[in-house]
Each structure stands twice: as structure tokens, then as C-alpha cells.
1. Please enumerate the residues belonging to segment 4-37 that are surrounded by 10 or more Cβ atoms within 10 Å (Cβ to Cβ), part of a loop (DSSP other than H, G, I, E, B) and modelled with pLDDT of 95 or more.
2. For a quick check of your reading of the model, give me the residue pairs whose first member lies in segment 85-105 and is over 19 Å from G41 (Cα atoms), whose second is more than 16 Å from the ligand (Cβ to nearest atom) and acidic (D, E), with beta-carbon atoms closer than 7 Å and at least 6 apart or on different chains.
3. Can you tell me which residues in segment 100-148 are in contact with a Cys (Cβ under 9 Å, 6 or more places away or on another chain), farther than 11 Å from G75 by Cα and not basic (K, R)?
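The values are calculated or read from the model by the stated rules, or taken from the named source; none is laboratory data. None of the values given here were measured: they were computed from a predicted structure. Every residue, glycine as well, gets a Cβ built from its backbone with ideal geometry; the counts of neighbours run over all protein chains shown.
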Amino acid sequence: MAKTRVAMTVNGKAVEELVEPRTLLIHFLREQLNLTGPHIGCDTSHCGVQANGADIRTIEGMAAADGTLHALQEGFREMHGLQCGFCTPGMIVRAYRLLQENKSPSEEDIRFGISGNLCRCTGYQNIVKAIQHAAARINGVPLQEAAE
Ligand code: FES
């Protein structure tokens with residue numbers, strides 16, 4: 001099959017590769033770039049996005065270069081926002097985007113914001129607390145204030 005060239009930024013680095021036109025972003029990330037933090041949510045291949053030219057962030061791009069965890073990663077650790085961890089990379093990158101869109105989300109905003117990501121373990125309460133913890137840390141306010 002003829003390949004097509006795609007170019008994008010992944011975790012701050014420019015990437016340019018040849019891919020088959022049918023390639024899903026998840027397979028490109030996992031198999032061509034060896035970024036296995038993103039997990040395959042389903043195998044139906046009914047959805048997808050055109051990622052050429054996109055700026056993509058995966059869990060591998062969340063921590064600082066020196067290994068310092070992002071506030072969201074700290075939040076999940078501090079607030080016990082994970083159990084098996086399967087959903088965690090997706091939850092964290094979704095929460096990252098959510099906090100870019102809304103620096104001080106309410107509990108309802110957070111629950112709606114992560115509603116496209118499923119967790120089979122936690123019941124979501126500690127995920128919400130983890131995101132509130134991160135928002136508070138990023139905004140430099142006490143956790144109680146961020147959770148209101
Ligand atoms: S922690 Fe197991 S699926 Fe979310």
C-alpha cells in the first residue's frame with residue numbers, strides 16, 4: 001500500500017514519518033514512535049482524527065526533562081487516583097487539556113470533562129480529587145479552595 005507522509009509535534013518534538021493512509025493515531029504512537037503510554041480503548045477503528053500537523057501530548061511528555069512529575073501526576077499519586085493504572089495515562093492527558101481550557105474547574109466540570117474516559121476501578125471520586133489537587137497546585141491555592 002502506498003504510504004503518505006505525516007508531520008506533527010509529539011511531546012514537543014517534531015516528528016515526520018511515512019504511514020499507510022489507514023493508520024490510526026494510536027497505532028502510529030505505539031508502534032512507530034514506541035510511545036506505549038496511550039492505550040487502545042477499543043479496536044473498532046470507527047473513530048479517529050486526522051493528526052497531520054497536530055500537536056500531540058502523551059503521558060511520556062508530562063514529566064519535566066529532569067524527571068519531576070507534572071502536578072497532575074503528583075495529584076494522582078497523592079490522592080490515590082488510580083488502581084490498576086490502565087486508564088491513568090488517558091485520564092492525565094485529558095485532565096491536562098481540561099485544565100488548559102478551564103484553570104479552575106468545578107467538580108461537575110471535571111466529571112463532564114473526563115466523561116469520555118472510562119475507569120473500571122476507582123469509581124472516579126479519587127480521580128476528581130487528583131485533578132482538583134493538581135488545579136490547586138498549578139493555581140497556587142489551597143486544595144479546599146480549588147475543590148469548591
Ligand atoms: S485505575 Fe483501573 S481502569 Fe482506571
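1. Matches in segment 4-37: N11, G12, L33, L35, T36, G37.
2. These pairs meet every condition: N102/D109.
3. N117, L118, C119, C121, T122
Okay, residues lined up against (1) within 30 Å of T4 (Cα to Cα); (2) more than 16 Å from the ligand (Cβ to nearest atom); (3) surrounded by 13 or more Cβ atoms within 10 Å (Cβ to Cβ); (4) modelled with pLDDT under 95:
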{"position": "I56", "(1), (2), (3), (4)": "yes, yes, yes, no"}
{"position": "G61", "(1), (2), (3), (4)": "yes, yes, yes, no"}
{"position": "H80", "(1), (2), (3), (4)": "no, no, yes, no"}
{"position": "R97", "(1), (2), (3), (4)": "yes, yes, no, no"}
{"position": "D109", "(1), (2), (3), (4)": "no, yes, yes, no"}
{"position": "A136", "(1), (2), (3), (4)": "no, yes, yes, no"}
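Yes/no per residue for (1) touching a Pro at 6+ places or on another chain (Cβ under 8 Å); (2) under 18 Å from I127 (Cβ atoms); (3) of a type outside the set (S, T, Y):
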| position | (1), (2), (3) |
| --- | --- |
| G12 | no, no, yes |
| V19 | no, no, yes |
| L33 | no, no, yes |
| D43 | no, no, yes |
| Q50 | no, no, yes |
| I59 | yes, yes, yes |
| M62 | no, yes, yes |
| G67 | no, no, yes |
| H70 | no, yes, yes |
